[in-house]
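Visitor: My questions all concern the structure below.
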Amino acid sequence: MIPLGFERLEPAEMLARAAAFAERMSRRRSVREFSSDPVDVDVIRRCVAAAGCAPSGAHKEPWTFVLVTDPATKSRIRAAAEEEERAFYAGRAGEQWLADLQPFETNADKPFLDAAPALLVVFAQTKAADGGKHYYVPESVGIAVGFLLCALHDAGLATLTHTPSPMKFLAQILDRPRHERPFLLLPIGYPADGCQVPDLRRKPLADLLFER
Ligand code: IYR
């Protein structure tokens with residue numbers, strides 16, 4: 001064990017920081033229309049470093065991130081994703097799911113997988129490369145992705161949490177070992193000019209926080 005480095009803030013500063021962070025996060029929106037403007041991949045690398053600071057079960061850090069900027073690889077990912085999505089929209093989803101997606105105007109076409117300058121693919125390690133056990137893997141990777149989304153948004157980049165299902169093709173195309181499962185496909189870049197998003201409202205705090 002080593003001493004914890006922890007800085008206590010003034011109460012007013014704490015409140016100001018919490019409010020500013022909530023305000024900043026309230027402006028994050030999933031983007032489906034990306035500009036092809038390049039991004040500085042160093043920014044993304046640092047955001048992945050932030051994601052890698054997430055807590056994880058028994059500190060096993062059960063995550064792998066693959067950053068794809070090669071246009072040919074992006075195109076292969078798009079083609080494979082669209083094949084899955086066509087089956088999804090043609091019936092696999094079922095009526096209720098398709099009705100719930102109506103407000104988002106999504107369909108099987110995924111041009112953003114070519115247009116976005118970077119795709120970050122997050123893999124969950126179901127176990128260690130040497131066969132050792134990993135714990136609370138979805139929780140750990142989910143928390144890391146939360147860190148990642150905050151970091152990317154804070155750095156001024158737009159993202160889409162995209163989960164074509166099933167996502168096995170990502171492990172194949174990116175040549176990942178068997179103990180890694182695709183968890184999330186994250187296009188990263190800038191919104192296209194004139195990008196539109198659904199007119200969503202978020203639940204008021206009173207509907208999501210109960211205090212006893
Ligand atoms: N993966 C599909 C469908 C989809 C599902 C959910 I739940 C969404 O929130 C959005 C889309 C697609 O990307 O179109």
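The values are calculated or read from the model by the stated rules, or taken from the named source; none is laboratory data. What you are looking at is a predicted structure, and each value in this text was computed from that prediction instead of being measured. Cβ coordinates were reconstructed from backbone atoms using ideal geometry, including for glycine residues, and neighbour counts include every protein chain displayed. Accessible surface areas use protein heavy atoms only, side chains included; no ligands, DNA or RNA. Shrake-Rupley method; radii C 1.70, N 1.55, O 1.52, S 1.80 Å.
Visitor: So, ARG92, is that one without any contact (Cβ under 8 Å) to a residue 24 or more places away in the chain and under 17 Å from LYS168 (Cα atoms) or not?
Guide: In short, yes.
Conditions (1) closer than 20 Å to ALA155 by Cα; (2) touching a residue at least 12 places away in the same chain (Cβ under 8 Å); (3) outside any helix (DSSP H, G or I), marked per residue:
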position: PRO38; (1), (2), (3): yes, yes, yes
position: ASP42; (1), (2), (3): yes, no, no
position: ALA49; (1), (2), (3): yes, no, no
position: TRP97; (1), (2), (3): no, no, no
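Visitor: Also: Quick one: which of LEU113, LEU148, LEU120 is more than 13 Å from the ligand (Cβ to nearest atom), in a helix (DSSP H, G or I) and open to solvent by less than 20 Å² (accessible area, probe 1.4 Å)?
Guide: LEU148
Visitor: Among all residue pairs at least 6 apart or on different chains, which show Cβ distances below 8 Å where the first residue, located in the stretch 103-119, is of a type in the set (S, T, N, Q) and the second is part of a helix (DSSP H, G or I)?
Guide: ASN107/GLU85; ASN107/TYR89
Visitor: Is it fair to say ALA58 is part of a helix (DSSP H, G or I), within 12 Å of the ligand (Cβ to nearest atom), of a type in the set (A, V, I, L, M, F, W, C) and out of contact with any helix residue (DSSP H, G or I) (no Cβ under 9 Å at 6 or more places or on another chain)?
Guide: So ALA58 fails the test.
Visitor: Which ones in the stretch 32-50 are open to solvent by less than 60 Å² (accessible area, probe 1.4 Å) and either in contact with a strand residue (DSSP E or B) (Cβ under 7 Å, 6 or more places away or on another chain) or of a type in the set (Phe, Trp, Tyr) (or both)?
Guide: Within the stretch 32-50, PHE34, SER35, VAL39, VAL41, ILE44, VAL48 meet the criteria.
For (1) over 13 Å from the mean Cα position of the chain (by Cα); (2) in contact (Cβ under 8 Å) with a residue 40 or more places away in the chain; (3) open to solvent by less than 30 Å² (accessible area, probe 1.4 Å), each residue gets a yes or a no:
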{"position": "VAL137", "(1), (2), (3)": "yes, yes, yes"}
{"position": "HIS162", "(1), (2), (3)": "no, yes, yes"}
{"position": "LEU174", "(1), (2), (3)": "yes, yes, yes"}
{"position": "LEU185", "(1), (2), (3)": "no, yes, yes"}
{"position": "ASP199", "(1), (2), (3)": "yes, no, no"}
{"position": "LYS203", "(1), (2), (3)": "yes, no, no"}
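Visitor: From the list ARG45, ARG78, pick out the single residue that is within 22 Å of GLU180 (Cα to Cα) and in contact with an Asp or Glu (Cβ under 6 Å, 6 or more places away or on another chain). Can you show your working first?
Guide: Numbers: ARG45 fails: in contact with an Asp or Glu (Cβ under 6 Å, 6 or more places away or on another chain).
Criteria check complete, one pass: ARG78.
Visitor: Considering ARG17, ARG24, ARG46, ARG28, which residue is more than 16 Å from the ligand (Cβ to nearest atom) and under 17 Å from the mean Cα position of the chain (by Cα)?
Guide: Numbers: ARG17 fails: under 17 Å from the mean Cα position of the chain (by Cα); ARG24 fails: under 17 Å from the mean Cα position of the chain (by Cα); ARG28 fails: more than 16 Å from the ligand (Cβ to nearest atom).
Answer to the check: ARG46.
Visitor: Given the conditions (1) away from the ligand (no atom under 16 Å from the Cβ); (2) closer than 26 Å to GLU139 by Cα, which single one is not true for ASP37?
Guide: (2)
Visitor: In the stretch 74-97, what count of residues is obtained for those that are surrounded by fewer than 15 Cβ atoms within 10 Å (Cβ to Cβ) and either farther than 24 Å from ALA116 by Cβ or within 19 Å of the chain's Cα centre (by Cα) (or both)?
Guide: Result for the stretch 74-97: 7.
Visitor: Continuing with the same structure: Within the stretch 7-28, restricting attention to residues that are open to solvent by 60 Å² or more (accessible area, probe 1.4 Å) and outside any helix (DSSP H, G or I), which residue is farthest from LEU120 (Cα to Cα)?
Guide: GLU10
Visitor: Does the stretch 159-195 hold any residues that are modelled with pLDDT of 95 or more, of a type outside the set (Phe, Trp, Tyr), in a loop (DSSP other than H, G, I, E, B) and touching an Asp or Glu at 6+ places or on another chain (Cβ under 7 Å), and which are they?
Guide: Taking the stretch 159-195 as the starting set, the residues that turn out to be modelled with pLDDT of 95 or more are 159-162, 167-195.
Add one more test, that the residue is of a type outside the set (Phe, Trp, Tyr), and what stays is 159-162, 167-168, 170-182, 184-189, 191-195.
Next, from what is left, pick out any that are in a loop (DSSP other than H, G, I, E, B): 160-161, 167, 174-179, 192-195.
Within the stretch 159-195, ALA192, CYS195 meet the criteria.
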